[in-house]
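Undergrad: Dropping the structure in here first, questions after.
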Amino acid sequence: SRLLGAARKRNEVIPPRIAAAIVHGVLQGLHAAHEAVSEAGEPLHIVHRDVSPQNILVGADGIAKVLDFGVAKAKGRSRTTRDGQIRGKLGYMAPEQLHGEPVTRRTDVYAAAIVLWEGLTATRLFDGDTEAEVIGKVARAVAPPPSSQAAGVPAGLDAVTLRGLVRNPKWRYATARAMAEALEGVIELATPAEVGAWVELVAGDVLRDRAAVEVSLPRASPMRRSRRRGAILAAVGLASAAAMVGVRLKRSEGLSPDVRAMTELQAAQAAGALDAAAGTPDMAGSATPVDVAPMASAMPSAASDTTADASVDPSVRKPNKWRKPGPRCDPPFTVDSAGRRHFKVECL
């Protein structure tokens, strides 16, 4: 829409090859939406219902994209249009859409043909001072060939455009792709590079002003973004750990004292490990390990079988019924300089 306005201000029309290339991209995008299926492979029957220049984006890359499926009709939508209510812009509605009849993919083909007509002529097809006037033109008017409004439009483009604008949906192109292929057969489409060069020529000032605004906007430093991501991941991890601890503690109800003590110990270790990993980048190495001594001492057999003294010879320790066999798990923990026990994960 803005490109058309800029072309009018320059008293220019869009070159036919470029206008056809833009609408060709629009038709390909619409066909992809029309052919979309659900996860079960069932057709969704999507109809955009609001194809217009305002909902088409063309950038400096020369690629046309269809935007704003906010009023699209699709199978299984949770919100449906009320009886008698129509959606879309009046000047781009197909006759059946205006009359409240069922819409199909051919309805979008009709709107795309209007966009093509306006792109070739740089004028509005159905316009008026009031909504009633616009509705009257849509309901009764017959579109003239684009070549009658702008010089240099090939006869083949006239034919493709007018077939897309046939009032009876049965006589239009059956699919958006069929109309796109028809465009390929009547004119050599401009390449994306050519479309992008034309966009920069017509809207270069706007693009430069927008780029200047983007450069002047404050951006977070890489370190700040990294810390923010780290904080988010840490919060998610802690929430998951809390849920796991809650589940484990709940499941430990009704177990024997020994088994329940080990379950609680594993839950505490999981939360402690996440606490250590959740520190900020500046403090990641300063997190203190979880002190499991109080929980270890709560186990019935631990008090009579182990000690916090690191000098005790492991070979003289009595076997414990909850300790796994093997040299790596005898004892199943290590003792730090503060006398705190840190149980080995492989021994739990």
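The values are calculated or read from the model by the stated rules, or taken from the named source; none is laboratory data. Treat the numbers as computed from the prediction; the structure is a model and nothing was measured. Neighbour counts run over all protein chains shown; Cβ positions are idealised from the backbone, glycine included. The protein model used for the area step is the full one, side chains on, heavy atoms only, and it has no ligands, DNA or RNA in it. Shrake-Rupley method; radii C 1.70, N 1.55, O 1.52, S 1.80 Å.
Undergrad: Scan segment 174-184 for residues that are surrounded by fewer than 18 Cβ atoms within 10 Å (Cβ to Cβ) and hydrophobic (A, V, I, L, M, F, W, C) and jot them down.
TA: 174, 178
Undergrad: Can you pull out the residues in segment 26-49 that are surrounded by 22 or more Cβ atoms within 10 Å (Cβ to Cβ) and not in a helix (DSSP H, G or I)?
TA: Passing the criteria: 47, 48, 49.
Undergrad: So which residues in segment 120-138 are part of a helix (DSSP H, G or I) and either within 23 Å of residue 18 (Cβ to Cβ) or open to solvent by less than 60 Å² (accessible area, probe 1.4 Å) (or both), if there are any at all? Before you say what the answer is, go through the steps one by one.
TA: Residues of segment 120-138 part of a helix (DSSP H, G or I): 120-121, 131-138.
Scanning segment 120-138 gives 120, 121, 134, 136, 138.
Rundown of residues vs (1) of a type in the set (Lys, Arg); (2) in contact with a helix residue (DSSP H, G or I) (Cβ under 7 Å, 6 or more places away or on another chain); (3) without any contact (Cβ under 8 Å) to a residue 60 or more places away in the chain, yes/no style:
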site	(1), (2), (3)
116	no, yes, no
125	no, yes, yes
131	no, yes, yes
145	no, yes, yes
158	no, yes, yes
171	no, no, yes
177	yes, yes, no
185	no, no, yes
189	no, yes, no
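Undergrad: Now, a different point. One residue is enough: does segment 5-15 have a residue meeting the conditions open to solvent by 20 Å² or more (accessible area, probe 1.4 Å), part of a loop (DSSP other than H, G, I, E, B), under 20 Å from residue 200 (Cβ atoms) and modelled with pLDDT of 90 or more?
TA: Yes, because at least one residue in segment 5-15 is open to solvent by 20 Å² or more (accessible area, probe 1.4 Å), part of a loop (DSSP other than H, G, I, E, B), under 20 Å from residue 200 (Cβ atoms) and modelled with pLDDT of 90 or more.
Undergrad: Collect the residues in segment 143-155 that are under 16 Å from residue 18 (Cβ atoms) and not aliphatic (A, V, I, L, M), keeping them in residue-number order.
TA: 146, 152, 154
Undergrad: Then there's this: Being assigned to a loop (DSSP other than H, G, I, E, B) and in contact with a helix residue (DSSP H, G or I) (Cβ under 7 Å, 6 or more places away or on another chain): is that true of residue 23 here?
TA: On the way: assigned to a loop (DSSP other than H, G, I, E, B): no; in contact with a helix residue (DSSP H, G or I) (Cβ under 7 Å, 6 or more places away or on another chain): yes.
The answer is no for residue 23.
Undergrad: A further question on this structure: Filter segment 146-173 for residues that are open to solvent by less than 50 Å² (accessible area, probe 1.4 Å) and outside any helix (DSSP H, G or I); which is farthest from residue 92 (Cα to Cα)?
TA: 154
Undergrad: Further, regarding this structure: Within the set of pairs 6 or more residues apart or between chains, which connect a residue that is in contact (Cβ under 8 Å) with a residue 40 or more places away in the chain and closer than 20 Å to residue 57 by Cβ inside segment 1-13 to a residue that is of a type in the set (Gly, Ala, Ser) and in a loop (DSSP other than H, G, I, E, B) with Cβ atoms less than 6 Å apart?
TA: Once the first residue is in contact (Cβ under 8 Å) with a residue 40 or more places away in the chain and closer than 20 Å to residue 57 by Cβ and sits in segment 1-13, its partners that are of a type in the set (Gly, Ala, Ser) and in a loop (DSSP other than H, G, I, E, B) give 7/122; 8/122.
Undergrad: Another one. For segment 169-180, enumerate the residues that are of a type in the set (D, E, K, R) and in contact with a Leu (Cβ under 9 Å, 6 or more places away or on another chain). Before you say what the answer is, go through the steps one by one.
TA: Going residue by residue through segment 169-180, those that are of a type in the set (D, E, K, R) are 170, 172, 177.
Within segment 169-180, 172, 177 meet the criteria.
Undergrad: Another question about this same structure. Restricting attention to segment 185-207, does a residue exist that is in contact with a His (Cβ under 8 Å, 6 or more places away or on another chain), surrounded by 11 or more Cβ atoms within 10 Å (Cβ to Cβ) and either among the charged types (D, E, K, R) or farther than 23 Å from residue 19 by Cβ (or both)?
TA: Pass one, segment 185-207, residues in contact with a His (Cβ under 8 Å, 6 or more places away or on another chain): 189.
Filter once more, keeping what is surrounded by 11 or more Cβ atoms within 10 Å (Cβ to Cβ): 189.
Next, from what is left, pick out any that are either among the charged types (D, E, K, R) or farther than 23 Å from residue 19 by Cβ (or both): none.
No, segment 185-207 has no match at all.
Undergrad: Name, by its number, the condition in (1) part of a helix (DSSP H, G or I); (2) modelled with pLDDT under 85 that does not hold for residue 85.
TA: In the conditions (1) part of a helix (DSSP H, G or I); (2) modelled with pLDDT under 85, residue 85 misses (1) alone.
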